[in-house]
Amino acid sequence: MYHRIVVGTDGSSTADCAVDVAGGLALLMGAAIHVVSAYRPARAAAVLAGSGGGLPWFGEEERSDAEAVLEGATARLSRVSLAVSAVSRLGDAADVLLAVAEEVDADLIVVGNRGLTGVRRYLLGGVADRVAHHAPCSVHIVHAC
């Protein structure tokens, strides 16, 4: 029986499937669901390498994108009348998912088997793999619908 489910989303189609699966499980079990989206400024490495602390922080666009992804996911979940909370946090996607799971004492983490590609994939790493190996609870890896 699951009481608290954490689901990660990056706005990809596989993440949408993970959100749908997490929502269905939460509905069946009466569980609370925590939707999580992590972001890392794409220019963070350049800023850290050359700033010396003097340049402004670049990341507002990435944070805004993550929050937009969360709005879409929570809207999908609210249609089935679930207790939904959303978390947007700076950091590595796997690390953020694991931290939120520990914070809310999650019973289950739901993630897609593949997310974004290209540079963002490189920055985020193998999220499902890392979550599966380090989770404090059960993990459900959803394949693309």
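Out of Glu61, Glu71, Glu102, report the one residue that is assigned to a helix (DSSP H, G or I), more than 12 Å from the chain's Cα centre (by Cα), among the acidic types (Asp, Glu) and modelled with pLDDT under 85. Please lay out each step first, then the result.
Numbers: Glu71 fails: modelled with pLDDT under 85; Glu102 fails: modelled with pLDDT under 85.
Matching residue, one of Glu61, Glu71, Glu102: Glu61.
Of the residues Val87, Val47, Val139, Val96, which single one is in contact with a Leu (Cβ under 6 Å, 6 or more places away or on another chain), aliphatic (A, V, I, L, M) and either assigned to a helix (DSSP H, G or I) or at pLDDT 90 or above (or both)?
Sole residue among the options that is in contact with a Leu (Cβ under 6 Å, 6 or more places away or on another chain), aliphatic (A, V, I, L, M) and either assigned to a helix (DSSP H, G or I) or at pLDDT 90 or above (or both): Val47.
Return the pairs, sorted by first residue and then second, in which the second residue is in a helix (DSSP H, G or I) and not aliphatic (A, V, I, L, M), the first residue lies in region 1-19 and is touching a residue at least 24 places away in the same chain (Cβ under 8 Å) and crowded, with 20+ Cβ neighbours inside 10 Å, the beta carbons are less than 7 Å apart, and the residues are 6+ apart or on different chains.
Sorted first by the residue in region 1-19, then by its partner, the pairs are Val19/Arg76.
The values are calculated or read from the model by the stated rules, or taken from the named source; none is laboratory data. Note that this is a predicted model, so its numbers are computed, not measured. When we count neighbours, we look across all protein chains shown, and the Cβ atoms used for this are built from the backbone with ideal geometry, even at glycine.
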